[in-house]
Amino acid sequence: MTELTLPAGLIPVLLLVLAAEFVNGWTDAPNAIATVVSTRVLTPAVAVVMATVLNVLGAMAGTAVAATIGKGIVRAEAIDTVTIAAAMLAIVTWSTLAWLRGLPTSESHALVAALSGAGLVTAGPGVLLWDGWRKVLIGLGFSTLLGFAGGFGIVLAVSWIFRRTPLGAARRLFGRLQIFSAAFMAFSHGSNDGQKFIGVFTLALVLGRVLPEFRIPFWVILICATTMGIGTALGGWRIVHTMGMRLTKLEPYQGFAAETAAASAIEAASRLGIPLSTTHTINTAIMGVGATRRFSAVRWGVGLEIVMTWILTFPACALIAGVATWLLRRVF
């Protein structure tokens, strides 16, 4: 392998990308294990280990989403490493504020908004690329409609198929099955969300003239995925509590339905190179599952708080990134 030399000025930028990936582990990766912990099928410690391993494997399963983020949102030739640094500062700031309130944020929305806000200050409106934004908008549909409808439909099908099964037997069966659905969710999270900061890290290497073209080295995948896993291990419990316990009360079969619906939607998007919000997808799936019992089974006040955080993510991250870009260019 050719030895790479990192310019001194690029190292702080790469560290900021890893900081954003670490915060992604705080606020986004816990999506994969929230339901399996809340139904008490796995302990938090075991679930975190499983999520970390499967996230790494998922991140290694393809690079389509990484390419969309790295090449499809803003024109690479129009930005520089200051743009990347400002965007990462915005993500870390916003996601940390949300984490302190125990709210799951969408790192997809934060990343796209921050790159766009920093890019607009750097090079103006012409920096935005429609192809990547089209995929982001499709991702909103995947995460909202497929998440809710999938969770609603799967739990109804499961309830009908196992309607004559004794409750105790059903709980034991779906307790085992939920381990596999949670593993699927963790893998799909890595294949979509895990790739996003891999794409940004690689873009920074290209802008720093370390790589001659946009190609993703294996060591970048490994470093980013491991950083996300550490973030999950150290700070993920707040988000697990909000999603798995505050939003609605789940039985193992309902956790299985929510995870299967969300993971299927996420994996389909990943194969198409569509970056979507895994937070958005699992939350809407949980809401869909809860709504099959009765409308009031979902704590819609908690859901509204989560949705407002998603909505505010776009303007907040774009604004913070734009201001950070303006300030950094006057300092450096």
(message) With the requirement that a residue be over 16 Å from Cys317 (Cβ atoms) and out of contact with any Leu (no Cβ under 9 Å at 6 or more places or on another chain), what does the range 67-99 give you?
(response) Ala67, Thr68, Glu77, Ala78
(request) State the number of residues belonging to the range 99-136 that are hydrophobic (A, V, I, L, M, F, W, C) and either in contact with a Gly (Cβ under 7 Å, 6 or more places away or on another chain) or surrounded by fewer than 24 Cβ atoms within 10 Å (Cβ to Cβ) (or both). (result) 13
(request) Those residues that are of a type in the set (Ser, Thr, Tyr) and touching a residue at least 60 places away in the same chain (Cβ under 8 Å), I need them from the range 40-58; list them, please. (result) Thr52
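Which of the following residues is farther than 30 Å from Met88 by Cβ, out of contact with any Ser or Thr (no Cβ under 8 Å at 6 or more places or on another chain), among the hydrophobic types (A, V, I, L, M, F, W, C) and free of Cβ contacts under 8 Å to residues at least 12 places away in the same chain: Trp160, Trp130?
On the way: Trp130 fails: farther than 30 Å from Met88 by Cβ.
Being farther than 30 Å from Met88 by Cβ, out of contact with any Ser or Thr (no Cβ under 8 Å at 6 or more places or on another chain), among the hydrophobic types (A, V, I, L, M, F, W, C) and free of Cβ contacts under 8 Å to residues at least 12 places away in the same chain holds for just one of Trp160, Trp130, which is Trp160.
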(request) Kindly indicate whether any position in the range 69-81 is basic (Lys, Arg) and modelled with pLDDT under 90. (result) yes
(request) Out of Thr93, Thr52, Thr68, Thr81, report the one residue that is farther than 20 Å from Gly25 by Cα and either under 20 Å from the mean Cα position of the chain (by Cα) or surrounded by 24 or more Cβ atoms within 10 Å (Cβ to Cβ) (or both). (result) Thr68
(request) Just give me the residues in the range 154-178 being more than 33 Å from the chain's Cα centre (by Cα) and of a type in the set (Lys, Arg), in sequence order. (result) Arg163, Arg164
(request) Test Ala183 against the criterion of being in contact with a Leu (Cβ under 6 Å, 6 or more places away or on another chain), part of a helix (DSSP H, G or I) and over 27 Å from Ala87 (Cα atoms), and give yes or no. (result) yes
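The values are calculated or read from the model by the stated rules, or taken from the named source; none is laboratory data. Remember, it's a predicted structure, so these values are computed and weren't measured experimentally. Cβ atoms come from the backbone with ideal geometry, glycine included; neighbour counts cover every protein chain shown.
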